[in-house]
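Everything below concerns the one structure shown next.
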Amino acid sequence: MPPACRLYLITPPVVADLAAFAGTLKEALGRGDVAALQIRLKDASEAAIGAAVSSLRPIARAQGVALILNDRPELAARLDCDGAHIGQEDGPVEAARRLMGQDKIVGVTCHDSRDLAMTAAEAGADYVAFGAFFATDTKTTSRRPDPEILSIWQETMLIPCVAIGGITPANCRPLVAAGADFLAVSAGVWAHEAGPAAAVTAFNAEIGEGLKDRMRP
């Protein structure tokens, strides 16, 4: 059997009504397999991030979903998150690992570069993220890797790879087939025309089909 591929949710960049979003999240997590939830509130205050973690962490953990904080490993450790995700400008992996400890998750954005990914892996990252594979309004991107980067990574490295950037149920299947261990998704779930819960169901169905494609010669 090929390695599994799982859904990795990222919050919208702004959560105006935390209580309403918590309810939406709970419903969505009940509709299919989700591995992780990344809290990515770029312009929020530390207090707002803390409130989001306090509200969303029990919902995530009740479903066995890891809670990851974006950019801020020191805050992630202080707020008892399950992990931190850092970019290339957020300091070295070794520093994030020291802050998080050995039992927590550290993930690293590597854009379209296997060299950056290998450096992150050697430094102790738990996963590397490649992207953006498609156009996205969630963040400004300038890199557009070929899905082949996922295949090469899967064949040569042990730590998981995450595909990110403009991923929807309609376009995710080739990324799964190419070797993504996780699909990191924001608008593809929260802005889905049938709603987030339906999006999680749709993603899981397409992931299943992509894994079948991966098994074909």
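The values are calculated or read from the model by the stated rules, or taken from the named source; none is laboratory data. Computed from a predicted structure; not experimentally measured. Glycine also receives a Cβ, built like all others from the backbone with ideal geometry; neighbour counts cover every protein chain displayed.
For this structure, a couple of remarks:
- When A20, A96, A51 are checked against the criterion of being under 25 Å from T168 (Cβ atoms), part of a helix (DSSP H, G or I) and not basic (K, R), a single residue qualifies: A20.
- Top-ranked residue of the range 71-83 - restricted to ones that are touching a Leu at 6+ places or on another chain (Cβ under 8 Å) and outside any loop (DSSP other than H, G, I, E, B), ranked as nearest to A35 (Cα to Cα): G83
- Only one of the listed residues (V108, V93) is of a type in the set (A, V, I, L, M), modelled with pLDDT of 95 or more and more than 15 Å from the chain's Cα centre (by Cα). That residue is V93.
- Residue in the range 130-153 that is in contact with a Ser or Thr (Cβ under 8 Å, 6 or more places away or on another chain), at pLDDT 95 or above, surrounded by 19 or more Cβ atoms within 10 Å (Cβ to Cβ) and not hydroxyl-bearing (S, T, Y) present: yes
- The lone exception for A121 - which of (1) touching a helix residue (DSSP H, G or I) at 6+ places or on another chain (Cβ under 8 Å); (2) closer than 27 Å to M215 by Cα; (3) not in a loop (DSSP other than H, G, I, E, B) it fails: (1)
- Pairing each residue of the range 144-159 that is of a type in the set (S, T, Y) with any residue that is in a loop (DSSP other than H, G, I, E, B) and modelled with pLDDT of 95 or more, provided the two are 6+ apart or on different chains, yields C-beta distances under 7 Å for S151/G179.
- Across the range 182-213, the number of residues qualifying as touching a helix residue (DSSP H, G or I) at 6+ places or on another chain (Cβ under 8 Å), under 14 Å from R6 (Cα atoms) and either surrounded by fewer than 21 Cβ atoms within 10 Å (Cβ to Cβ) or not aliphatic (A, V, I, L, M) (or both) comes to 5.
- Evaluation of I86 against (1) crowded, with 21+ Cβ neighbours inside 10 Å; (2) at positive phi (one fails), failing number: (2)
- Restricting attention to the range 134-176 and to residues that are in contact with a Leu (Cβ under 6 Å, 6 or more places away or on another chain) and assigned to a loop (DSSP other than H, G, I, E, B), the residue that is nearest to A205 (Cα to Cα) turns out to be C172.
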